[in-house]
1. Looking at (1) within 16 Å of the ligand (Cβ to nearest atom); (2) acidic (Asp, Glu); (3) surrounded by fewer than 19 Cβ atoms within 10 Å (Cβ to Cβ), find the lone condition where Glu143 falls short.
2. So Gly224 ticks every box in (1) in contact with a Pro (Cβ under 8 Å, 6 or more places away or on another chain); (2) modelled with pLDDT under 95 but one. Which box is left unticked?
3. What's the total number of residues in the stretch 203-256 that are within 12 Å of the ligand (Cβ to nearest atom), in a helix (DSSP H, G or I) and among the polar types (S, T, N, Q)?
4. If you check Leu250 against the conditions, is it surrounded by fewer than 20 Cβ atoms within 10 Å (Cβ to Cβ), touching a helix residue (DSSP H, G or I) at 6+ places or on another chain (Cβ under 8 Å) and in contact (Cβ under 8 Å) with a residue 12 or more places away in the chain?
5. Sort through Gly59, Gly97 and tell me the only one that's surrounded by fewer than 19 Cβ atoms within 10 Å (Cβ to Cβ) and either at positive phi or among the basic types (Lys, Arg) (or both).
6. Checking Arg108 against (1) closer than 21 Å to Leu256 by Cα; (2) at pLDDT 95 or above; (3) within 21 Å of the chain's Cα centre (by Cα); (4) among the basic types (Lys, Arg): exactly one of these is not met. Which one?
7. Quick check: anything in the stretch 46-55 more than 18 Å from Thr132 (Cβ to Cβ) and either modelled with pLDDT under 95 or aliphatic (A, V, I, L, M) (or both)?
8. With Glu190, Glu178 as the choices, which residue is in contact with a Phe, Trp or Tyr (Cβ under 9 Å, 6 or more places away or on another chain) and either within 16 Å of the ligand (Cβ to nearest atom) or closer than 30 Å to Arg33 by Cβ (or both)?
Amino acid sequence: MNHRRRPLSGKPPTVVANWKMQMTPREALRLARSLRTSVGRLSSAVRLIVCPSFPAIPGVVGVLEGSAIAVGAQDVFWADRGAFTGQVSMLELRELGCRTVIVGHSERRSIGRDDNDVVARKVAAVIRHRATPILCVGESLPERRDGQQDRIVGSQVQRALRACPPPMLRQRLCIAYEPLWAIGTGNAIEPQQAIDMAKVIRQALVDLYGMAVVRRSVDILYGGSVNEKNVVDYVDREMISGVLVGGASLRQREFLALIRAVASPRPGKAAL
Ligand code: PGA
C-alpha cells in the first residue's frame, strides 16, 4: 500500500458507532457507561457519535449527558406524527436529544425496502428538523464487478438529496460510503477505492449544491469492516473525514483501540 501523510485540517475526525440491533437496552447502557469513563480526554480529538437501537436511546442519552459523546438514531420516518404504526419520527428523536440520524443504510434498503424515494423523504425530514442525516450509499458486489459503482453511488446521492435544495442545507450533511460487499464481511476495501468513491460523491454534491456549500457543510465517511487496525488508512481528512463502524464498535476494548488510533494516527501511516 502506498502511504503518504495526510494534510492536517483543524477538524477532528468523526467516528460513528452503528450498534444496529446487536444489544438490549441494558447492554447498550453498560457499553455507553464504560465509553463515557474510558474515552475521557480522547473525546476532544475525535467527534464521537453512538447510534443505539430506538428503545435504548433515552437511557444512553441519559448516561452520556454532559459528555462529548453524541447520540444518534439508526433510522427515522419522514412524517412528524400520524397513524404510522411502528414508525419513529424526527420530532420524537429530537425530543430525546438525537441530532444525527443514519438514513438509507443498506440493511434498511434491503430489509425495510427503503428505495431512493423513501430515503429522500427521510433525509428531508431530518434536515427539516435541523439535524444531520448520515446518508448511506454504496454499490453491491455485482455492480462493482460491472464497473457501475460511480453511476450507482452518484445517482443514490442525487436522488436522496433532490428534495433538499441548497437553501435547506443550513446544517451539516454527512454521506457515508458503504460498499455492500464490505459491510460485516471483514473485507474492508482498499483505502484508495474509498477515496476514489469519496471523489465521486463530492462531485455529485458539487453538481447539486456548488463547491462553496460542499466545502462548508459536507462530511464524507467510509464504512464497511473498519477496525482498529485499518481505520487510520481511511481517515484522510482531505477527502474522508471519518468512519461509520458496526461490528468493531460493539466491544469496549476494540472500540477504544479504534478511537485511540483515529485520535493519534501513526506517523507516516496516516493515509494514502
Ligand atoms: P461493519 O458495519 O463495520 O460491521 O462492517 C458497518 C455498517 O453496517 O454501518
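1. Going through (1) within 16 Å of the ligand (Cβ to nearest atom); (2) acidic (Asp, Glu); (3) surrounded by fewer than 19 Cβ atoms within 10 Å (Cβ to Cβ) one by one, Glu143 breaks only (1).
2. Of everything listed in (1) in contact with a Pro (Cβ under 8 Å, 6 or more places away or on another chain); (2) modelled with pLDDT under 95, Gly224 misses just condition (2).
3. 1
4. Criteria met by Leu250.
5. None of the others qualify; the one that does is Gly97.
6. (1)
7. Looking for residues that are more than 18 Å from Thr132 (Cβ to Cβ) and either modelled with pLDDT under 95 or aliphatic (A, V, I, L, M) (or both), one finds none in the stretch 46-55, hence no.
8. Glu178
The values are calculated or read from the model by the stated rules, or taken from the named source; none is laboratory data. All figures in this text were calculated on a predicted structure; none of them were measured in a lab. Heads up, the Cβs are rebuilt from the backbone with ideal geometry, glycines too, and the neighbour counts pull from every protein chain shown.
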